[in-house]
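The values are calculated or read from the model by the stated rules, or taken from the named source; none is laboratory data. None of the values given here were measured: they were computed from a predicted structure. Every residue, glycine as well, gets a Cβ built from its backbone with ideal geometry; the counts of neighbours run over all protein chains shown. For accessibility, only protein heavy atoms count, side chains too; no ligands or nucleic acids. Shrake-Rupley method; radii C 1.70, N 1.55, O 1.52, S 1.80 Å.
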Amino acid sequence: DITNPASPQIVGSVDTPGDAADVAISGDFAYVADGYSGFQIIDITNPASVQIVGSVDTPDIAYGAAIAADYAYVADDHSGLQAIDITNPASPQLVGNVDTPGYAVGVAISGSYAFVADYGSGLQVIGITNAASPQLVGNVDTPGYAVGVAISGSYAFVADYSLGLQVIDITNPTSPQIAGSVNTPGYAQDVAISGSYAFVADYTYGLQVIDITNPASPQIVGS
């Protein structure tokens, strides 16, 4: 319960069979990338009594999850991006996939594209107009190891492990370009965007707050 941010309280929980690595929320459900146990769907209608209601094993290790309409997209390590039909939460179905050249560990959705943080292969852009047949349409290699990604407007923000935050212009999704970057003191693991700031989970260096007003020159302003 985060009603009072100064005093958050655990009010409910459910143990997943694997190692929960990422979560996405949509409506009354939480969707969890659960490591070797694949993909778990959890009913959060009553936060005090959350329940796993459906699951599907993915071919490899589920590290990231994102939701778009009736589909979940899972970053599945060596097996790339998996598309899962979640129309029936009690019986999710793998419906499509595309392998990526690296190790898929993070994913974000914008419009008809999935953006995959693909570890040593940087950012992969995947067309998901047809969930049953996702297609690699563009990519840009990042200097580090892409492990997290968030989208805001016409930019993708990539947590690039030892090389901080990479800002990528995705105006043309088939030809993404690095527009700016800022190194962080730790290892950038994940990133979220709010307004003109990026918030980077920086491993042993905690939270880094980065002003992205000028995407070509992001600046750390707090930590």
Quiz item: Yes or no: GLY54 surrounded by fewer than 20 Cβ atoms within 10 Å (Cβ to Cβ) and at positive phi?
Solution: no
Exercise. For PRO59, work out the one condition from (1) open to solvent by less than 60 Å² (accessible area, probe 1.4 Å); (2) under 22 Å from VAL125 (Cβ atoms); (3) in a loop (DSSP other than H, G, I, E, B) it doesn't fulfil.
Key: (1)
Exercise. State which residue is surrounded by the fewest Cβ atoms within 10 Å (Cβ to Cβ) when the search covers only the stretch 31-50 and only residues that are aliphatic (A, V, I, L, M) and within 14 Å of the chain's Cα centre (by Cα).
Key: VAL32
Quiz item: For the stretch 7-30, what are the residues that are open to solvent by 60 Å² or more (accessible area, probe 1.4 Å) and of a type outside the set (Asp, Glu)?
Solution: PRO8, GLN9, ILE10, VAL11, SER13, PRO17, ALA20, VAL23, ILE25, GLY27
Self-check item: Test for ALA117: is it under 20 Å from GLN82 (Cβ atoms) and out of contact with any His (no Cβ under 7 Å at 6 or more places or on another chain)
Solution: yes
Exercise. Evaluate the following for THR174: is it closer than 14 Å to VAL116 by Cβ and part of a loop (DSSP other than H, G, I, E, B)?
Key: no
Quiz item: Limited to the stretch 116-128, what total is found for residues that are open to solvent by less than 10 Å² (accessible area, probe 1.4 Å) and more than 13 Å from TYR73 (Cβ to Cβ)?
Solution: 3
Quiz item: If you go through the stretch 83-98 one residue at a time, how many are assigned to a strand (DSSP E or B) and touching a residue at least 40 places away in the same chain (Cβ under 8 Å)?
Solution: 3
Self-check item: Complete set of residues in the stretch 129-154 that are open to solvent by less than 40 Å² (accessible area, probe 1.4 Å) and in a loop (DSSP other than H, G, I, E, B)
Solution: ALA131, PRO134, THR142, GLY144, VAL147
Self-check item: Residue list for the stretch 103-112, filter: in contact (Cβ under 8 Å) with a residue 24 or more places away in the chain and either in a loop (DSSP other than H, G, I, E, B) or surrounded by fewer than 24 Cβ atoms within 10 Å (Cβ to Cβ) (or both)
Solution: TYR103, VAL105, ILE109, SER110
Practice problem: Just give me the residues in the stretch 82-100 being over 22 Å from VAL53 (Cα atoms) and open to solvent by 30 Å² or more (accessible area, probe 1.4 Å), in sequence order. | Solution: ASN97, ASP99
Self-check item: Number of the condition not met by SER79 [criteria: (1) within 13 Å of the chain's Cα centre (by Cα); (2) open to solvent by less than 30 Å² (accessible area, probe 1.4 Å); (3) without any contact (Cβ under 8 Å) to a residue 60 or more places away in the chain]
Solution: (1)
Quiz item: Could we say that GLY195 is of a type in the set (Gly, Ala, Ser) and closer than 30 Å to ASP70 by Cα here?
Solution: yes
Quiz prompt | Members of the stretch 189-223 found to be over 13 Å from VAL167 (Cα atoms), in contact (Cβ under 8 Å) with a residue 24 or more places away in the chain, aliphatic (A, V, I, L, M) and open to solvent by less than 50 Å² (accessible area, probe 1.4 Å), listed by number | solution = ALA201
Quiz item: Any chance the stretch 117-132 includes a residue that's free of Cβ contacts under 8 Å to residues at least 60 places away in the same chain and under 20 Å from LEU207 (Cβ atoms)?
Solution: yes
Quiz item: Hey, does the stretch 97-106 have a residue that's under 14 Å from ASP70 (Cα atoms) and polar (S, T, N, Q)?
Solution: no
